[in-house]
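Notes follow the structure.
The values are calculated or read from the model by the stated rules, or taken from the named source; none is laboratory data. From a predicted model like this one, the values you see are computed outputs, not experimental measurements. Backbone-built Cβ (ideal geometry, glycine too); neighbour counts: all protein chains shown. These area figures cover heavy atoms from the full protein model, side chains too; ligands, DNA and RNA do not enter into them. Shrake-Rupley method; radii C 1.70, N 1.55, O 1.52, S 1.80 Å.
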Amino acid sequence: QISYLLSCLREKFSFQPGAEITMEIDPATFSKSDLEGYLNIGINRLSLGGQSFDNSILKKVGRSHTKEQLLEACSWLAAVSKTGRLFSWSLDLIQNLPDVNMNKWKYQLDQAIDTSAPHLSIYDLSLEAGTVFERKYQKGELNLPNEDLAAEINEITSDYLSQAGFSRYEISRYCLPG
């Protein structure tokens with residue numbers, strides 16, 4: 001289906017050579033054969049929705065993947081990126097998830113840095129009205145960082161990633177040079 005969609009888009013609109021074509025992927029359903037298929041149809045940038053490297057947090061927030069699946073997907077992307085077949089890739093994390101403290105968050109950042117992802121998107125958890133998260137929070141079932149800790153985590157994120165060589169280029173996005 002994706003191949004057909006890209007074919008239709010290429011036919012209707014002329015893509016410039018080297019145009020970036022990005023696909024969002026979920027570690028729970030992503031496989032090496034998916035990666036090969038995406039590369040073969042011209043997808044040259046992948047965004048991996050990791051959210052966390054902590055299995056208990058992943059379960060609490062309703063994610064179906066595990067830390068192990070996330071690390072495996074990251075290793076595939078890093079390896080194929082080195083060959084030049086993948087233009088770039090990014091890893092998405094969410095800060096201020098339930099049960100996170102400063103040490104747990106620094107561990108998350110260390111894990112993200114260790115994946116060799118050239119781009120990191122670090123989003124704040126937001127509680128939207130009418131969602132399961134909002135209802136759980138109202139009932140006291142979510143242990144979220146208080147405002148002071150959330151602000152400290154945000155500040156540490158920027159400093160920590162900067163020390164690791166990342167530059168902040170948007171409010172929630174960081175990249176390595178190159």
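Computed over the range 1-76, the alpha-carbon pair-distance distribution with 10 angstrom bins reads 18, 42, 25, 13, 2, each value a whole percent. The equivalent ellipsoid of the chain has semi-axes of 31, 19, 15 Å, largest first, where each one is the square root of 5 times an eigenvalue of the Cα gyration tensor. Less than 5 angstrom separates the built amide H of ILE21 from those of ASN44, ARG45, all sequence-distant by 5 or more or on a different chain.
Applying 1/(1 + (r/R0)^6) with R0 = 41 Å to the Cβ-Cβ distance of LYS104 and SER14 gives a FRET efficiency near 0.30. When the chain is treated as a GNM with alpha-carbon contacts under 10 Å, the residue of LEU149, LEU46, LEU97 showing the greatest mean-square fluctuation is LEU149. For the peptides 111-118, 136-143, 35-42, the ranking by packing is 111-118, 35-42, 136-143, with the highest mean count of neighbouring Cβ atoms within 10 Å listed first. Using C-alpha pairs under 8 Å with a sequence gap of at least 6, the mean separation divided by the residue count of the range 1-122 gives a relative contact order of 25 percent. Based on C-alpha pairs under 8 angstrom that are at least 6 apart in sequence, the range 10-55 has a relative contact order of 48 percent. Each part reduced to its alpha carbon centroid, the range 4-47 and the range 159-178 end up 25 Å apart.
May I ask you to compute the full-extension gain from LYS82 to THR131, defined as 0.36 nm times their residue separation minus their alpha-carbon distance, rounded to one decimal in nm? Walk me through the intermediate numbers first.
On the way: separation 49, 0.36 × 49 = 17.64 nm, distance 4.01 nm.
Gain on extension, LYS82 to THR131, equals 13.6 nm.
Pick out which of TRP76, TRP89, TRP105 has the largest mean-square fluctuation in a Gaussian network model of the chain, springs linking Cα atoms closer than 10 Å. Among TRP76, TRP89, TRP105, the largest GNM mean-square fluctuation belongs to TRP76. Between SER162 and GLN1, the modelled labels are 4.4 nm apart [label points 7 Å from Cα along Cα→Cβ]. Solvent-accessible area per residue in the chain equals 57 Å², computed with a 1.4 angstrom probe and all protein chains kept. Amide H to amide H, with H built 1.01 Å from N, ALA164 comes under 5 Å of no residue 5 or more places away or on another chain. Per residue, the average separation of C-alpha pairs within less than 8 Å and at least 6 apart gives the range 77-178 a relative contact order of 31 percent.
Taking the 1.4 Å solvent-accessible surface of the chain as the whole, the part contributed by carbon and sulfur is 49%.
Normalising by residue count, the range 80-154 has a Cα convex hull of 107 Å³ per residue.
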